[in-house]
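Input: a single structure, listed below in structure tokens.
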Amino acid sequence: MQARSTLPIHVFTSFAALPAQLRRCLAHPRQANFFLSLDWFELLFETSLAETLIPRIYVASNLEGEPLCALFCATARSPADRTLLSLANFYTLDYLPSFTHDNAPKRALIRALVEQIAAERPRWHSVRLATMKTDAPDFSWIVAALRAAGFGVQTFFQYENWYLPAAGLSFEDYFRNRPSQLKNAISRRQKKLEKTHRFEIRIARAESPQLEPMISDFVSIYGSSWKLPEPFPGFIPALATRCAKLGILRLGVLHVDGVPAAAQLWITSAKTATIYKLAYDERYGELGVGSILSKEMFRIAIDEDGVDEIDYGVGSEAYKKDWMSSVRTIEGLQAHNRKSLNGLLLATASDTKLLAKKMRALLRRNPS
């Protein structure tokens, strides 16, 4: 049996309880990936999770007390529900442990955090973590650590994630290699737009007097688009404001004859440009305002920001394939604790269901 880690683990059940040193270590840009930073998790909780969840933040430190890694989790407000959840929801694009140093012993730290979770009393019946990119080794290390701690683990597919490796690429080379249909459509529509209307593209990157009106433009365009209304209206304005303060916002708005017609919210951190939200007013759809704005946003990310990757978020929409070149999967995991009675029952039921599914698949392939 492997010895349990001696690294100190602290558990915090509110963001307000986090010590100042810990806040500095987990904040962006110390945590280069904004979506794994304290800034992101705190904002997500305050704007969309506070009514339903209680934070449970696991922090591993070295023997000198310096924070090395955090796992942002949560629990339901019902004390009877012994399920540990990732601090995430439909706004989340990326979820993994947050490390404070690039050279941290990541696998050992993940094991230490999982061992802490397994040792807690009363026992957790289940652990459910979501929205993890499977090409990150952290994902397989979490699965292995949970299994080693006595959990029955099943992973499940959630989304495709289209992306573009952009290191060393110029926008000219990138766009030249896009499908002809896309290039011709954008060129044709932009020429028509220039002839028939007055249009301009404005970009907000940081705090400025123009930021608030541009956020309002984004909200207005989103409301006039085909997309469902935001369930938490305060989330996008708060996100854009926080990203502007950090200097990682790329908010583009295309105006036609002075009227906001298309908008895109990109976030650039850790050498990655993430296309977070986009929309266009359906009244201007025939003018191709969304694609024209996309072209400019890609140019900025590649030629001005010099990113190594452009990430198109979650989803398998066909149009993403025209702009991107690679795809990976985003998965979640459901882990049932075989050392708890409820967890053992859940694990047995889950195993039985999985076995039945495999048998059905086998019978379909070989009915005899």
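Quick look at the values:
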{"read-out": "Filter result (in contact with a helix residue (DSSP H, G or I) (Cβ under 6 Å, 6 or more places away or on another chain) and closer than 13 Å to residue 168 by Cα) within the range 290-309", "value": "302, 303, 307"}
{"read-out": "Test: residue in the range 241-248 that is of a type in the set (Ser, Thr, Tyr) and under 15 Å from residue 297 (Cβ atoms)", "value": "no"}
{"read-out": "Residue within the range 21-40 that is of a type in the set (Phe, Trp, Tyr), surrounded by 13 or more Cβ atoms within 10 Å (Cβ to Cβ), in a strand (DSSP E or B) and at negative phi present", "value": "no"}
{"read-out": "Output for the range 292-313, where each listed residue is assigned to a strand (DSSP E or B) and surrounded by fewer than 18 Cβ atoms within 10 Å (Cβ to Cβ)", "value": "309"}
{"read-out": "Residue within the range 109-129 that is within 17 Å of residue 26 (Cβ to Cβ), touching a residue at least 40 places away in the same chain (Cβ under 8 Å) and part of a strand (DSSP E or B) present", "value": "no"}
{"read-out": "Positions within the range 44-61 being out of contact with any Cys (no Cβ under 8 Å at 6 or more places or on another chain) and surrounded by fewer than 22 Cβ atoms within 10 Å (Cβ to Cβ), in sequence order", "value": "45, 46, 47, 48, 49, 50, 51, 52, 53, 54, 61"}
{"read-out": "Residues of the range 169-214 that turn out to be farther than 18 Å from residue 258 by Cβ and either β-branched (Val, Ile, Thr) or in contact with a Cys (Cβ under 7 Å, 6 or more places away or on another chain) (or both), as a count", "value": "1"}
{"read-out": "Failed item in (1) touching a His at 6+ places or on another chain (Cβ under 8 Å); (2) surrounded by 20 or more Cβ atoms within 10 Å (Cβ to Cβ); (3) farther than 30 Å from residue 30 by Cβ, with residue 281 passing the rest", "value": "(1)"}
{"read-out": "One residue from 158, 154 being in contact with a helix residue (DSSP H, G or I) (Cβ under 7 Å, 6 or more places away or on another chain) and either without any contact (Cβ under 8 Å) to a residue 24 or more places away in the chain or assigned to a strand (DSSP E or B) (or both)", "value": "154"}
{"read-out": "Among the candidates 329, 352, residue that is among the β-branched types (Val, Ile, Thr), at pLDDT 95 or above and surrounded by fewer than 18 Cβ atoms within 10 Å (Cβ to Cβ)", "value": "329"}
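The values are calculated or read from the model by the stated rules, or taken from the named source; none is laboratory data. None of these values were measured; they are calculated from a predicted model. Neighbour counts run over all protein chains shown; Cβ positions are idealised from the backbone, glycine included.
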